[in-house]
1. Could you work out which residue, out of Ala167, Ala120, Ala337, moves most in a Gaussian network model of the chain, that is, has the largest mean-square fluctuation with Cα springs under 10 Å?
2. Which ordering of Ile95, Ile190, Ile4 is given by a fewest-first count of other beta-carbon atoms within 10 Å?
3. Assign one of three labels to region 246-383, namely rounded, prolate or oblate, based on the Cα gyration tensor with a ≥ b ≥ c the square roots of its eigenvalues; rounded applies when a/c is under 1.5, prolate when it is not and a/b is larger than b/c, and oblate otherwise.
4. In nm, to one decimal, how far is the Phe18 label point from the Ile185 one, both placed 7 Å along Cα→Cβ?
5. Taking a cut-off of 17 Å between Cα atoms, list the lysines near Lys321, but don't count ones fewer than 8 places away on the same chain.
6. Arranged by the count of other C-beta atoms within 10 angstrom, fewest first, what order do Tyr129, Tyr3 take?
7. Report the charge-dipole magnitude of region 77-379 in Debye, nearest 20, computed about the Cα centre from +1 at each Lys and Arg Cβ and -1 at each Asp and Glu Cβ.
8. Projected onto the charge dipole of the chain (+1 at Lys/Arg Cβ, -1 at Asp/Glu Cβ, origin at the Cα centre), which of Gln14, Asn261, Val344 gives the Cα projection farthest towards the positive end?
Amino acid sequence: MDYIANTLSNLIHQTAFFNLTWGNYVMIVVACVFLYLAIRKGFEPLLLTPIAFGMLLVNIYPDIMMSIEESSNGVGGLLHYFYLLDEWAILPSLIFMGVGASTDFGPLIANPKSFLLGAAAQFGIYMAYFGAIFMGFNDAAAAAISIIGGADGPTSIFLASKLGQTAIMGPIAVAAYSYMSLVPIIQPPIMKLLTTEKERKIKMTQLRPVTKLEKILFPIVVTIVVCLILPTTAPLVGMLMLGNLFRESGVVRQLTDTASNALMYIVVILLGTSVGATTSAEAFLNWDTIKIVILGLVAFAFGTAAGVLFGKLMCIATKGKVNPLIGSAGVSAVPMAARVSQKVGAEADPTNFLLMHAMGPNVAGVIGTAVAAGTFMAIFGVF
C-alpha cells in the first residue's frame, strides 16, 4: 500500500499544478487571449497562433526551453533548438526570402515616390531608440528595441542577435510580432484621427505598367546599391531581393514556390513557436518587458502617424492626387498594413481601391527597416 501511495503522490506532484506560479497562470491567460484573437477574430493567425501556442507551452512546461547547459542529461528542450535558429539570425533571413518571393514590387517601381512614404514611417524606429535611452536602456539595447517601431519582427530578432541583446530578444520579438498582428486594431483610429473624410475618399490614378525587365533589374540594382553602402544589410536585403528575383525571373518556378510557400511556412512555425516560448513568466513579467511593450506601442503609433502626416504633405504637394491613408502602410508589416489602408479607404468610399498603391510604401518600409538595422550595426561595429 505504501508503494502505491508513494507512486500516486509522485505522479500528482509531477503535474504542472504543483510547479506553476501565479505568473505562469497570467501568461496562460494571455496566450489564450492571443489564440482567441487569432482564431476567432482572424488577426494574422499565421503569426499569432504559433506565438500564442509557444507562450502556452513554455508556461505549462518551462523545461521545453531548457538550454543544454541547464540540462542534467546534456539534451535541451525542443523549443530551445528552434530558438537557437533565431539567435543565429537564420530564420529572420529566410523569412525575408519568403517575403520577397511572395511580394510584387511593381507598385514601388511604378511609383518611386513611395520610398518617401516608407521612409517617413521609419520615424517610429528613431523615436523608440531615443525613448529607450531615456528609459534607462543602454545604446545597444535601445537600438535592438527601436525596430519594434517599424513593426518588423524578423528584423527585430536579427538586430537583437547581432547586437548581443539575447536577454531581451524575447520581449522585443513578441512585442514586434504582436503589433504586426494587431495592425488592424492599432492603425485605423490613428489614420481616421489624422485625416478628413474627404481625404480618405481620394481616388488615386492607376499605376503605370511595369515591364518585366524593370522587375528583374530592381532586386539586382537594390542589392548592389544598398549592400555597397551598408554591407551589414546583406543578410536581410540580400535574401529579400533574392526571393523577389526568384519570383520575377520566371525561370525558377520551383524555387519561387518553395520559398514563398513550404519553406516560409516551416520557418513561420519554427520562428513563431520559439518566439512565443521566450515569454515564460520569469522572463516576461518584469519592468523591462513592460517598458519595452509600452515603448513599442507608442513608437509604432508614432511611425503610423508620421507616415499618414507625410501622406497629407504629399497630398497637398500633388494637389490632391495622393490619398494620405497609404502613408500608414510605410511600416514593415507586409502586407497587413497595406490591407488596413485599403479597408479604411473602402469604409469612406466602397469603390476606392488603394491596395496596390499602399503596397509601394509597404515594400519600401521593409527595405527601410532593414537599412535602419544595418545602420545601427555599422554604428556599433557589428558585422
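1. Comparing Ala167, Ala120, Ala337 in a Gaussian network model of the chain, the most mobile one is Ala167.
2. Ile4, Ile190, Ile95
3. oblate
4. It works out to 3.7 nm between the two label points.
5. By straight Cα distance, Lys321 reaches Lys113, Lys198, Lys201, Lys203, Lys312.
6. Sorted ascending by nearby Cβ count, the order is Tyr3, Tyr129.
7. 1100
8. Farthest towards the positive end: Val344.
Readers should treat all values here as calculations from the given coordinates under stated rules, not as data from a laboratory. The model shown is predicted, which means the values in this text are computed figures rather than measured ones. Methodologically, a virtual Cβ is constructed for each residue, glycine included, from the backbone with ideal geometry; neighbour enumeration extends over all protein chains shown.
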